[in-house]
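I have placed the structure first, in the form of structure tokens, so that the comments after it can refer back to it.
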Ligand code: NOJ
């Protein structure tokens with residue numbers, strides 16, 4: 001992938017871009033580098049280290065050129081080829097354009113003709129690192145083909161509450177699962193000359209008051225719950241950029257917070273890429289630059305007033321403001337140089353200079369969603385689908401003599417509804433344009449026709465019709481959706497009456513809970529399909545025959561659903577988030593959410609998600625890690641051996657059923673009591689596929705960190721000596737093998 005396409009093309013592209021290169025820059029380059037035959041020779045040798053190339057480039061830049069690199073070009077958000085923003089390149093220095101696009105479920109925003117993949121929570125639900133990497137690399141390939149070289153994802157904030165409107169973009173409630181998923185997706189994206197972006201850093205776990213809320217989190221909880229995914233993104237995946245979030249942390253905005261942007265990120269984790277602001281999250285010039293912000297971005301042109309929707313008034317990193325801060329002695333010149341170096345160093349390392357993008361009409365209009373990419377999306381959608389119930393093996397549907405009648409019910413099942421339910425709302429929404437979402441109705445109908453089954457459809461707005469259609473059918477598939485979206489939190493655990501066709505959401509024309517209740521009451525062989533971004537309550541559960549959660553399934557949702565219903569593929573997903581029984585179960589203090597006096601205190605500390613359910617002995621509706629497949633597994637022969645730094649845990653898994661199937665063995669550790677940790681925590685998992693009767697020994701390594709807690713007093717990770725409980729099983733509540741280990 002690292003073909004160099006030559007600098008002539010780059011110069012041509014720069015000449016063709018919508019926004020021309022400012023003349024001042026051309027003049028600056030002429031001053032600085034015109035004398036040499038090849039002005040870029042000192043930093044364009046790909047065999048040199050990225051650090052050396054970055055140093056050479058920064059040394060050759062004029063002050064104007066440096067300042068140009070630190071803020072967004074006009075036009076901003078979505079007006080530049082549907083992207084989220086850009087910084088114009090400097091052709092005479094061979095600096096390519098930096099073109100940034102949303103987001104985690106594919107090349108989205110106002111992009112067209114790209115593949116929309118299942119959303120972030122669905123990617124985590126696959127528990128499949130190879131597949132996550134494949135999703136990432138497919139997104140990276142499409143981004144590059146679209147003239148984009150920074151993908152603004154993945155998002156990796158922890159699902160602290162089920163109410164966060166953006167949980168669908170993130171990787172669930174557990175720091176280990178979120179870390180693993182983030183690393184895989186980032187590795188995939190960055191296998192192309194495209195940088196990934198770890199966002200939203202940090203503690204941006206609610207949408208209510210997101211522009212202002214001041215989050216208070218104790219140090220240990222920060223380190224153990226909310227920061228590990230970012231830490232892994234930096235240390236294990238070498239992520240090129242990190243996006244600081246809108247909110248305040250401990251009284252200071254995240255984008256001017258030295259503890260976040262320099263302390264953890266650079267001093268502790270060794271980050272050597274750039275920090276980009278969320279769009280409109282900057283509130284100052286010198287304090288932000290000193291704290292560690294490198295690049296300011298904004299959705300709107302400078303001067304648009306600050307509001308809860310637009311963010312700050314911007315622009316704070318304009319050349320004039322930054323130069324004034326240097327002249328006033330508020331900012332050192334070395335910091336300006338460092339900011340530029342932070343931006344160009346990962347660009348060198350990940351091939352952005354050697355293989356520059358070419359934004360413009362041609363890539364914008366080109367269709368980059370190939371059949372291979374759609375096949376990845378289809379497989380991902382099935383492998384992310386979590387089956388929560390399957391009474392008497394209703395699924396998979398087996399061939400029936402003379403065919404069967406399937407009633408498909410629900411607005412979300414038809415092409416219009418499904419186009420809304422393809423992904424959540426906000427900047428990450430995949431447009432699905434030109435229209436090519438395969439709806440559940442289309443996917444099921446074509447699969448049914450091949451098998452001699454018949455499909456009838458009712459929209460579900462009339463409960464009497466829904467009941468009649470369900471009663472008359474052999475099998476019912478009722479599809480409902482909710483409209484999780486950036487910008488708002490969910491009011492409750494109901495199926496919200498909205499879905500998101502664009503960045504905005506629209507009302508759903510039907511009362512979906514009544515529709516499901518009518519269908520499940522009328523026909524016990526009803527499969528309930530929930531296209532949701534986060535947990536929902538299920539008052540109709542006892543009557544349902546089967547329940548599937550495909551999350552927001554992307555373009556291939558309908559085909560993948562048909563694959564799962566007919567058993568072409570298994571429902572391969574396991575829950576990355578606990579499903580509460582109802583709104584009375586909440587692992588946080590409801591009187592404090594979403595904040596008191598502008599502050600949100602994370603008083604529950606480490607007890608997030610299943611950690612709270614386990615510590616309080618509360619039984620959720622469905623536990624973290626849970627999900628059924630089409631076969632059964634047995635576990636035996638647990639062996640736990642200490643290793644130099646940690647331990648090796650192995651056990652035998654056997655497919656005890658009659659179908660080939662996938663299993664996700666999960667390893668939870670219980671620290672000695674005096675460590676003061678939650679009762680058990682995920683520290684290892686894998687996913688493997690076994691034939692009927694096949695056994696395999698699985699071996700999972702635990703490193704030193706698995707046995708460590710954050711000591712605030714000693715300001716470092718410490719291993720707590722004592723006896724650790726080891727538990728292995730198929731969910732956080734179904735742990736069939738237990739052992740011990742002394743440390
Ligand atoms: C604001 C969102 O919070 C962020 O996730 C996104 O990348 C930017 N807008 C750009 O669209």
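What the table shows:
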| read-out | value |
| --- | --- |
| Within the range 645-717, strands (runs of 3 or more DSSP E) holding 2 or more residues that are modelled with pLDDT of 95 or more and under 30 Å from residue 227 (Cα atoms) | 647-655, 666-670, 681-685, 695-702, 708-711 |
| Filter result (over 10 Å from the mean Cα position of the chain (by Cα) and surrounded by 24 or more Cβ atoms within 10 Å (Cβ to Cβ)) within the range 94-105 | 95, 96, 97, 98, 99, 100, 101, 102 |
| Residues of the range 154-176 classified as buried (at least 24 other Cβ atoms within 10 Å of the Cβ), away from the ligand (no atom under 16 Å from the Cβ) and assigned to a helix (DSSP H, G or I), total | 1 |
| Scan of the range 423-443 for residues that are more than 16 Å from the ligand (Cβ to nearest atom) and at pLDDT below 90, ordered by number | 432, 433, 434, 435 |
| Failed item in (1) surrounded by fewer than 19 Cβ atoms within 10 Å (Cβ to Cβ); (2) on the phi < 0 side of the Ramachandran plot; (3) part of a loop (DSSP other than H, G, I, E, B), with residue 626 passing the rest | (1) |
| Scan of the range 107-116 for residues that are in contact with a strand residue (DSSP E or B) (Cβ under 9 Å, 6 or more places away or on another chain) and more than 11 Å from the ligand (Cβ to nearest atom), ordered by number | 107, 111 |
| Residues satisfying the stated conditions in the range 85-103, i.e. at pLDDT 95 or above, within 12 Å of the ligand (Cβ to nearest atom) and in a loop (DSSP other than H, G, I, E, B) | 102 |
| Count - residues of the range 248-259 that are within 30 Å of residue 191 (Cβ to Cβ) and away from the ligand (no atom under 16 Å from the Cβ) | 0 |
| Only one of 136, 172, 155 that is on the phi > 0 side of the Ramachandran plot and in contact (Cβ under 8 Å) with a residue 40 or more places away in the chain | 172 |
| Residue in the range 136-153 that is crowded, with 24+ Cβ neighbours inside 10 Å, away from the ligand (no atom under 13 Å from the Cβ), under 22 Å from residue 666 (Cα atoms) and modelled with pLDDT of 95 or more present | no |
| Qualifying residues in the range 607-623 (those that are in a loop (DSSP other than H, G, I, E, B) and in contact (Cβ under 8 Å) with a residue 40 or more places away in the chain) - the one surrounded by the most Cβ atoms within 10 Å (Cβ to Cβ) | 609 |
| Conditions (1) out of contact with any strand residue (DSSP E or B) (no Cβ under 8 Å at 6 or more places or on another chain); (2) in contact (Cβ under 8 Å) with a residue 40 or more places away in the chain; (3) assigned to a helix (DSSP H, G or I): number failed by residue 265 | (1) |
| Selection count where residues are away from the ligand (no atom under 14 Å from the Cβ) and outside any helix (DSSP H, G or I), scope the range 232-247 | 5 |
| Check on residue 192, farther than 20 Å from residue 338 by Cβ and in a loop (DSSP other than H, G, I, E, B) | yes |
| Residue 204 being under 21 Å from residue 586 (Cβ atoms), assigned to a loop (DSSP other than H, G, I, E, B), assigned by TED's automatic domain parsing to the domain that holds residue 246 and touching a strand residue (DSSP E or B) at 6+ places or on another chain (Cβ under 7 Å) | no |
| Subset of the range 53-76 that is in a loop (DSSP other than H, G, I, E, B), touching a residue at least 40 places away in the same chain (Cβ under 8 Å) and more than 15 Å from residue 359 (Cβ to Cβ) - its residue that is farthest from the ligand (Cβ to nearest atom) | 61 |
| The listed residue being under 21 Å from residue 717 (Cβ atoms) and within 14 Å of the ligand (Cβ to nearest atom), out of 229, 202 | 202 |
| Residue in the range 292-305 that is farthest from the chain's Cα centre (by Cα), counting only those that are surrounded by fewer than 24 Cβ atoms within 10 Å (Cβ to Cβ) and in contact (Cβ under 8 Å) with a residue 24 or more places away in the chain | 301 |
| Checking residue 452 against (1) on the phi > 0 side of the Ramachandran plot; (2) in contact with a helix residue (DSSP H, G or I) (Cβ under 9 Å, 6 or more places away or on another chain), the condition it does not meet | (2) |
| Scan of the range 210-222 for residues that are away from the ligand (no atom under 15 Å from the Cβ) and buried (at least 22 other Cβ atoms within 10 Å of the Cβ), ordered by number | 215, 217, 222 |
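Rundown of residues vs (1) at positive phi; (2) buried (at least 16 other Cβ atoms within 10 Å of the Cβ); (3) assigned to a loop (DSSP other than H, G, I, E, B), yes/no style:
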site: 407; (1), (2), (3): no, yes, no
site: 417; (1), (2), (3): no, yes, no
site: 430; (1), (2), (3): no, yes, yes
site: 435; (1), (2), (3): no, no, yes
site: 438; (1), (2), (3): no, yes, yes
site: 443; (1), (2), (3): no, yes, no
site: 448; (1), (2), (3): no, yes, no
site: 457; (1), (2), (3): no, yes, no
site: 464; (1), (2), (3): no, no, no
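The values are calculated or read from the model by the stated rules, or taken from the named source; none is laboratory data. Note that this is a predicted model, so its numbers are computed, not measured. When we count neighbours, we look across all protein chains shown, and the Cβ atoms used for this are built from the backbone with ideal geometry, even at glycine.
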